Amino acid sequence: MTETPEDFRSSKKHQDDPSAEAHSPRRKRFRKRVLLFLVLLPVLLAIGVAVMVPRLNRYQTDGVIRLAGPQAEITIVRDEKGMPFIQAGSLRDVIFGQGFVTAQDRLFQIHLLKLRAAGRLTELAGDAARDLDVQARTIGFRRVAEQHEGILDEHNRQMFQTFADGINAFVESCPGDVPLEFRLAGLTPEQWTPVDSLSLLYLMSWDTSANVRSEIISQALIDAVGPDRAAQIFPINVNPDVAAEGGQESVSVRSFFDSAAAAVPSRASGQDRLNVLQDRRLTSLLAGGSLHVGSNNWVTGPSRSVGEHAILSGDPHLDPRMLPGIMYAVGFFTPEIRAVGAGIPGIPGFIIGRNEFVATAVTNNYGDVQDLYVETVDPNQADHYLEGGQSVPFRTETETLQIKDASAAGGRRTETLTIRFTRRGPVVSGILPGLDSDRLITLRWAAAESMQPDTGLTALLTAKSVDDVEAAIASVTSIVLNFVFADASGNIARRASGKLPQRTAGTGTLPTVVDARNPWTDNWQGWIPFAEMPHARNPDRGWLGTANHYVVAPDYPYYYSNYAAASFRYRRLKQCMAEHPAGLSVDDHWAIQRDTKNLMAEAAADVLADALDADETTRPLADVLRTWNRHDTVDQAGPTVFQTVYCETARATFRDDLGDDLTDMMLGTWYYWQERFLKMVLDGRSPWFDDQTTADRTETRDDIIRQAGRAVLNMLAPRLGPDPSEWHWGRVHTIRFDNPIRRSGVGRDWLGTADLPMDGSGETLYRGWYDFDDPHRVTFAAALRMVVDFGDSDKVRAVLAGGSTGRTFHPHQKDQIDAWLTGTPQHWWFSDRAVQQHAQSRLKLVPAGGPAEPAD
């Protein structure tokens, strides 16, 4: 038989490799193993993630930690939400424990807040944060805090220091438990001081004040259209509680038209226009933050409560979107104290919560605590200003920014700021352009002048009656809030905190001109007495509440404010109370916090529908509005059509007169224009509806509404489809929670959340506020919801928008979001029995050098 080349090669191969017979099966087995590994790899990775991720970024919650600081043993019990309940033998130790758990849960968050208040965000974010840092250094949150620390009484000094000691004890005693976020951000924890806590208090005070924004917008309107036309669209404020003759409800409509119009001719020595929008430094004062506060609160007395005990509700409206949310809840237990409550992390005590005897909740009051002043620079000495015919030197302070910059040596560059001061306060503008002399603007802020030795912050832990709460509020001078509170005896009350100046001239509507030639007479002559600040107690109707609305009556003897929320939420609250004449239960209070009826829409939607119906193109929008029940819920198209058409109508009304930038600035400040514009829409005859760019015709209100409707169709149809009846609110009105270490890109949804459809709007009790220039993404909502029933000694119904801890990968970073969205009741445990029943862990803090713990 003849051998072929192939046979030869095969034969040769067998000769060279005696194991060839077995080689092929081995290869097959190898391939099978590789394939099996590839199939199992995702499973193994998933198991690894499931096992390891929950263990990442954790901290000790059981056992014993020995550390310096506490006077005696402190026990920290945590429940199924990770909420800490601190059990200690004294007020001092329970505050130390609060500092410790704050560091365990929120150390990275309070570090970022500290950087914000101190004007140090550029160290982390570079030039992107420069405006915020310049603002913080110029206003001087930390500068004012340092001054305040210097006058604290012994009790307050000890409380702030003890709280700081608790934070520092965690950092020093548990270095392995420092949050992962610090390493990822390239940061190192710093010593916490009382000044850091006070700085956060003043940052919150600034963020809750709004008059500077109002003054700048009002002056910009005068710059644009003159004082007479500007006064036509200045805000109006409504107090729905003022009773007319015969006991029927009426409104107190206080406009600052008259006072502003009267003040303008004399206010600037003939110089009405200041060109404020051309000064970037001045407009940067408008930048806000996560502590900007809205809110609802109310309380029903025994006669209006099921069970005949007072029931109190509160839901502060903040920006909750950065995990774990801006509010932090803690339980405080000593032989003399039993309390649960929440506040801004980094500040000792609480402002929202209860003890055995009293309960409190707060909203923003918007009392006017800020004034701007127009000052004249000495033309002969640029480092002096003129006042009363005298040349006075500016006082100066130097600040240094450390700005993150990869191109600089060491990764940072420095920038020196020189801050100038007059007698009124810091200079907050450059030289205003286009005037007949060099003018600039200074800021005066009541919080910087009214500090007291007692802050009142820890007094709510020990208050035993509404009288004690009022005494505590009298010491809260740094921030203007509406406290609503109750006690176990059934008393209910409302009281405004803060110090407001008694102004001798003007209303704070516009910047005040400092006369360069004549002697200066201070327009702040003392403070409104605490006894005369807005307040009420035990009204005949049996309930009290606030929703950031205008709370003073027309005969109030002092100028109080020109800025307040539109009255829609408070009017709806009054309706809800009237719908329960036999009294409200805890469930009723909880449901009212989630009420979605929009009274602005109830007033204006038919006007929009009638106008839109007259045009075949916009008629589908009218059809949606006519079938809508005026509730802002995710399953209806009505809210989408109403909100978008109404806002576009406002934009079209003002843009031709004011220009895009000023229009967006004014409309972006919702409270400034909402009551005024609704009045214009309902009346329908305002000359502002006429489009100044069309010389051959005079537009009416309905023309502008139809123009807005066509714009909305062009805007939303490509995104949501051609049929407006399918434009459900939940498709556009969403909230997203972000992790501070991953705010964009791959992994954002995993570390935070996706976009979550959300009911409500800026005008409903169930708040879902969005920014005018970024519809309809929610930016402000309830940071927590709380209902306190004095008839329930076991628990407080409450839920956070986020979770207890700020640690990435921790199971309690965002575990309350579902309950927050759905309304599922959550609780803060109040009785010893309830705390023990729900205890998931128990950690003891033992003084260093104390006796050894007995073995279990």
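I need the peptides 777-788, 111-122 ranked by packing, meaning the mean over residues of other C-beta atoms within 10 angstrom, with the highest value on top.
Packing proxy ranking, top to bottom: 777-788, 111-122.
Of P194, A169, S214, which is farthest towards the positive pole of region 152-224's charge dipole, taken about the Cα centre with +1 and -1 on the beta-carbons of Lys, Arg and Asp, Glu respectively?
Going by the Cα projections, it comes out as S214.
State whether region 551-608 is rounded, prolate or oblate according to the following rule on the C-alpha gyration tensor (a ≥ b ≥ c being the square roots of its eigenvalues): a/c under 1.5 gives rounded; otherwise a/b larger than b/c gives prolate, and the remaining case gives oblate.
It is oblate, given that a/c is not under 1.5 and a/b is not larger than b/c.
How large is the dipole of the chain about the Cα centre if only Lys and Arg carry +1 and Asp and Glu carry -1, each at its Cβ, rounded to the nearest 20 debye?
2500 debye
What is region 377-478 by shape, rounded, prolate or oblate, if you read a ≥ b ≥ c off the alpha carbon gyration tensor as root eigenvalues and call it rounded for a/c under 1.5, prolate for a/b larger than b/c, and oblate otherwise?
Oblate, since a/c reaches 1.5 and b/c is not below a/b.
Pairs K597/K814; K499/K814; K81/K499; K114/K795; K32/K814; K114/K814: which exceed 31 Å Cα-Cα?
K499/K814; K81/K499; K114/K795; K32/K814
Using only the Cα atoms, work out Rg/Rh for region 735-807, with Rh taken as the Kirkwood radius, to two decimals.
Rg/Rh for region 735-807 comes to 1.06.
Let me have the 222 nm mean residue ellipticity of the chain computed from DSSP H runs of 4+ only, each contributing -39500 (n - 2.57), with the sum over all residues rounded to the nearest 500.
Computed mean residue ellipticity for the chain: -11500 deg cm²/dmol.
How big is the Kirkwood radius of region 563-640, worked out from every pair of different alpha carbons and given in Å to one decimal?
Radius from the Kirkwood sum: 14.3 Å.
Please express the Cα-Cα pair-distance distribution P(r) of region 289-448 as a list of whole percents, one per 10 Å bin, running from 0 to the bin with the greatest distance.
Whole-percent P(r) values from 0 Å outward: 8, 21, 20, 21, 17, 10, 3, 0.
Convex hull over the Cα atoms of region 770-856, averaged projected area in nm²?
If I average the Cα hull's projected area over directions, I get 10.2 nm².
Mind checking the alpha-carbon convex hull of region 58-201 and giving the volume per residue in Å³?
113 Å³
Kindly report the accessible area of the chain per residue (heavy atoms of protein chains, probe 1.4 Å, no ligands, DNA or RNA), in Å².
39 Å²
Would you kindly compute the Cα radius of gyration of region 110-150 and its largest Cα-Cα separation (Dmax), both in Å?
Answer for region 110-150, Rg first and Dmax second: 10.3, 33 Å.
Cα gyration tensor of region 683-747, axes a ≥ b ≥ c as square roots of the eigenvalues: rounded (a/c below 1.5), prolate (a/b > b/c) or oblate?
Because a/c hits 1.5 or more and a/b exceeds b/c, region 683-747 counts as prolate.
Could you list log10 I(q)/I(0) for the chain at q = 0.08 Å⁻¹, which the Debye formula gives when each Cα is one point scatterer?
Once normalised to I(0) and log-transformed, intensities are -0.75.
Label-point separation (nm) for L180 and S437, each offset 7 Å from Cα along Cα-to-Cβ?
Label-label distance for L180 and S437, simple model: 6.2 nm.
In whole Å, largest first, what are the principal axis extents of the Cα atoms in region 682-837?
Each principal axis gives a Cα extent; for region 682-837 these are 77, 45, 27 Å.
With all protein chains present, how much of the accessible area of the chain (probe radius 1.4 Å) comes from carbon and sulfur, to the nearest whole percent?
Here it works out to 51 percent.
For region 476-514, list residues with backbone N below 14 Å from a point placed 7 Å from the Cα of E532 toward its Cβ?
500-505
Charges at C-beta only: +1 for Lys and Arg, -1 for Asp and Glu. How large is the resulting dipole of region 664-707 about its Cα centre, in Debye rounded to 20?
160 debye
Looking at the P(r) of region 425-503, how many percent of alpha-carbon pairs lie beyond 20 Å?
The calculated P(r) of region 425-503 puts 50 percent of pairs beyond 20 Å.
Cα to Cα, under 20 Å, and not fewer than 8 places away if on the same chain: which aspartates and glutamates meet these conditions relative to K28?
By straight Cα distance, K28 reaches D17.
Non-local amide H neighbours of W769 (under 5 Å, H modeled in plane, Pro and chain starts lacking H): which ones?
T779, F780
Per residue of region 373-379, in order, report the coupling 6.51 cos²θ - 1.76 cosθ + 1.60 (Karplus, θ = phi - 60°) as ³J(HN,Hα) in whole Hz, putting x for Gly and Pro.
Ordered by residue, 3J(HN,Hα) equals 10, 9, 10, 10, 7, 5, x Hz.
The values are calculated or read from the model by the stated rules, or taken from the named source; none is laboratory data. All of these numbers come straight from a predicted model, not from anything done at the bench. Neighbour counts run over all protein chains shown; Cβ positions are idealised from the backbone, glycine included. Note: accessible area is taken over every heavy atom of the protein model, side chains too, but ligands, DNA and RNA are not part of it. Shrake-Rupley method; radii C 1.70, N 1.55, O 1.52, S 1.80 Å.
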